[in-house]
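Please read the structure below before turning to the comments.
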């Protein structure tokens, strides 16, 4: 079974524009500035900044990242 991730809005709708193979890839689509995937893996402080920014975006829009089964 193939698992994908996407964003669910505050009405329960899944936003297909943000679908990706991992939660991290969905987050990279949401964050407005370019995010270096290698630095996300190796730098704890870079990942922390990314997670903080992502959390603010999700909270502001009333969204959440969810796993969906294809």
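If you scan region 40-70, which residues turn out to be assigned to a helix (DSSP H, G or I), surrounded by 13 or more Cβ atoms within 10 Å (Cβ to Cβ) and at pLDDT below 95? Within region 40-70, 40 is the sole residue that qualifies. Selection over region 18-39 of residues that are farther than 14 Å from residue 57 by Cα, touching a strand residue (DSSP E or B) at 6+ places or on another chain (Cβ under 8 Å) and not in a loop (DSSP other than H, G, I, E, B) gives a count of 4.
The values are calculated or read from the model by the stated rules, or taken from the named source; none is laboratory data. Values in this document were obtained by computation on a predicted structure and should not be read as measured data. Note that each Cβ is placed from the backbone with ideal geometry, even for glycine, and that neighbours are counted across all protein chains shown.
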